[in-house]
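Structure record follows, encoded as C-alpha cells.
The values are calculated or read from the model by the stated rules, or taken from the named source; none is laboratory data. As the structure is a prediction and not an experimental result, all values here were calculated from the model. We place every Cβ from the backbone using ideal geometry, glycine too, and count neighbours over all the protein chains shown.
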Amino acid sequence: MALLTGRVIYPGDTGWDAARQGFARWADYAANTPRVVVFCQDADDVANAVRWARENNAPLRVRCGRHNYEGWSSLVQDGVIIDVSDLGSVRVRRDSATARVGAGLDMLDLSEALGQVGVTFPHATGKTVGLAGLTLGGGFGVTTRKWGLTCDNLIEVELVTADGSQVRANAEENPDLFWACRGGGGGNFGIATAFTFSVHPAGNVAVFSLSWPWEAMEAVVSAWQSWAPDTVDGVTSFLTLLTTRSLTMQGQFTPDTDADLPGINALLAPMLAAANPLSVNIQVLPNLNAARLFLGVDPQQPEWRVQKHSDDQIFKSSSALAYEPFPPQAITLLKSRIEACPTLSAAPSQPSMIQLLGGGGAMGRVPQDATAVWHRQTKFVVQYDAYWTAPQDGKMTLDWITAFRQDMTPYTVGAYVNYADDRLENPLQQYYGDHLGRLMDIKRCWDPDNVFRFPQSIPVSPP
Ligand SMILES: Cc1cc2nc3c(=O)[nH]c(=O)nc-3n(C[C@H](O)[C@H](O)[C@H](O)COP(=O)(O)OP(=O)(O)OC[C@H]3O[C@@H](n4cnc5c(N)ncnc54)[C@H](O)[C@@H]3O)c2cc1C
C-alpha cells in the first residue's frame, strides 16, 4: 500500500488555506475541498502520491506555480494536489552549457540562480510563474526570438508517470514523451520533477521602453507588426495597449557581444519613426538586472521592492495568434474595442489590456513537427487581459473581453495553451491544431487510464 510522503497538509492543518489556493482570485478557495495537498520533496514523494491517489480512487491535480488561469491545478473535489514547488535545486554545468533544475522553481528564483553564475535561458516575465507549467506549454519571454521558446531549450525532462514509474525523456530515450512535453501542455502526460536545459551566456543587454499618445495607436500598431516579427533575432518586444488609453512598447535587445549594444538605436528606428513618442527609455544592464526589472524587482533600491503580480487579481485572460499582420480595419476594430471597455463601479487592480507579443526569430525556425508546439509560425501572440474587483463588475467585464476576442477572430487563429480559457470553442483544436492526434496517441501510451485529467486535458480518445 502506498503512503503519502513529503510535506503533507490535511484539512485543518496549519497552512491548509494557503495550500489549497491558486493564483486566480475569482475562485472561491474556501469552498475548494481537496482531500490532501502534498508538497513533494523529491521524485519518490511524487511517485508515492500518484500511487496513493490511484489506490484511493482520488482524482489528482498536478501543480507548480499555481498560475493556471482557470485555477485547474488547485481546484479539486476530494482529490490530491501533487505540488512540486519545493523542488528547487539548480545545478549548472559550464562544460556542457546545461543546467539541471528542479521542476518547481518560479521565475524569480530561477533567474537569480542562473544569473549568479552568468547564464540564462528563455523564461517568462511573470515573477511567480512556475517553470513546469511554463515549459510544458511552450514558454514566451524576452529572449524568445533569440533562443526560442522555453521548451525549445529543453534537452531532458524527468517525470513520474501514471503508474508511478520514474522515467527520463530526451531525444534518444522515450522521444515521443519528450516531443509531447515540449508544448503539449502541463498536467497531461506525467509529473515533471526535473528539467535539463541548454543555457546561454548572460552578458549585457539593452532594455527599452517607449510610449506614445493614444492618438498614435493605429500608426504604432501598424509599424510594430511589420517590425517586431522580422527585426534581428536579438530583439524581442511586446506592445501593451491599456484601456486607460496608454500605449507602450517594451522589450530587450540581447546582442552577441557588447560591441553590438549601441546598435539598439538603429534597430529601434522604425518604431521611433512610427509616430512621435512621448518617452524613450533605453538602459544597458547586465542580463540578470534586466530580468529583475521585467520580473518587477527594482535593483536600484537598497532592499529590492518586489512588485508582485498582485496575488489579489481577479482576471480573465485569453489569447489568439496572428499569422498575418492585422489589416487596417482590424487595427481600427482593436482600438474601438479597447475604448469600449465597460466603466466599472470599483477600480480594478490594474487596467485591462491587450498585449501583442512579437514572434518570429529563433522560435519560428524550429521545424513544425520537432515539438508539440503547433503555433510556430505566428507573427505575434495576442493576449487579452481583463481585470475587475467588485463582484457586480464581473459579468460585464467577462462579456466585454469574450466578445472582444470573438470579434477579432477573422484576423487571428487558435490560442496559446498556457493561457487556459474555459470559454474557448474546441479548445484542444485551438491549442494543438493538427498535433492533437499525435498527442492523443502519446496520451494513450503513457496514461491509458486517463489519470492525469482536468478540464481541457488531452483525452485518450477524440473529444
Ligand atoms: C502573472 C502571469 C504572468 C505570466 N507570464 C507569462 C509569460 O511571460 N510567458 C508565458 O509564456 N506565459 C506566461 N504566463 C502563463 C503561464 O505560462 C501559464 O499560466 C503556466 O501554465 C503557469 O504554470 P504554473 O506552473 O505557474 O501553473 P500551474 O497552475 O501550477 O500549472 C499549469 C499547468 O501545468 C500543470 N503542471 C504543473 N506542474 C506540473 C508538473 N510538475 N508536471 C506536469 N504538469 C504540471 C498543471 O497541472 C496545469 O495544467 C503568465 C501567467 C500569469 C498568471
Of all residues making up region 387-398, the number that are buried (at least 20 other Cβ atoms within 10 Å of the Cβ) and not in a helix (DSSP H, G or I): 2
Matching residues, region 20-40, being more than 21 Å from I314 (Cβ to Cβ) and surrounded by 19 or more Cβ atoms within 10 Å (Cβ to Cβ): P34, V36, V37, V38, F39, C40
Residue tally, condition touching a strand residue (DSSP E or B) at 6+ places or on another chain (Cβ under 7 Å) and touching a residue at least 60 places away in the same chain (Cβ under 8 Å), over region 46-58: 4
Checklist (1) within 30 Å of F404 (Cβ to Cβ); (2) touching a Phe, Trp or Tyr at 6+ places or on another chain (Cβ under 7 Å); (3) part of a strand (DSSP E or B); (4) modelled with pLDDT of 95 or more applied to I282, failing item: (1)
Any hit, region 399-417, residues being away from the ligand (no atom under 16 Å from the Cβ), acidic (D, E) and in a loop (DSSP other than H, G, I, E, B): no
Test: residue in region 345-355 that is among the polar types (S, T, N, Q), buried (at least 23 other Cβ atoms within 10 Å of the Cβ) and outside any strand (DSSP E or B): yes
Residues that are touching a Ser or Thr at 6+ places or on another chain (Cβ under 7 Å) and within 16 Å of the ligand (Cβ to nearest atom), drawn from region 327-360: P348, S349, P351, S352, M353, Q355, G358, G359
Region 181-197 - residue that is in contact with a strand residue (DSSP E or B) (Cβ under 8 Å, 6 or more places away or on another chain) and in a loop (DSSP other than H, G, I, E, B) and, of those, farthest from the ligand (Cβ to nearest atom): R182
Hits in region 90-122 (condition: in a loop (DSSP other than H, G, I, E, B) and more than 15 Å from the ligand (Cβ to nearest atom)): R94, D95, S96, A97, V117, G118
Count of region 418-463 residues which are modelled with pLDDT of 95 or more and assigned to a loop (DSSP other than H, G, I, E, B): 23
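Condition check ((1) on the phi < 0 side of the Ramachandran plot; (2) touching a strand residue (DSSP E or B) at 6+ places or on another chain (Cβ under 6 Å); (3) modelled with pLDDT of 95 or more; (4) in the same structural domain as N188 (by TED's automatic domain parsing)) across all residues:
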{"residue": "D28", "(1), (2), (3), (4)": "yes, no, no, no"}
{"residue": "C40", "(1), (2), (3), (4)": "yes, no, yes, no"}
{"residue": "D44", "(1), (2), (3), (4)": "yes, no, yes, no"}
{"residue": "L60", "(1), (2), (3), (4)": "yes, yes, yes, no"}
{"residue": "Q77", "(1), (2), (3), (4)": "yes, no, yes, no"}
{"residue": "V101", "(1), (2), (3), (4)": "yes, yes, yes, yes"}
Region 57-71: number of residues that are more than 8 Å from the ligand (Cβ to nearest atom) and under 21 Å from L4 (Cα atoms): 4
Meets criteria (surrounded by fewer than 22 Cβ atoms within 10 Å (Cβ to Cβ) and not acidic (D, E)) for V50: no
Only one of V50, V80 that is among the β-branched types (V, I, T) and in contact with a helix residue (DSSP H, G or I) (Cβ under 8 Å, 6 or more places away or on another chain): V80
Index of the failed condition, D95 passing every other in (1) in contact with a Ser or Thr (Cβ under 6 Å, 6 or more places away or on another chain); (2) surrounded by fewer than 24 Cβ atoms within 10 Å (Cβ to Cβ); (3) more than 14 Å from F197 (Cβ to Cβ): (1)
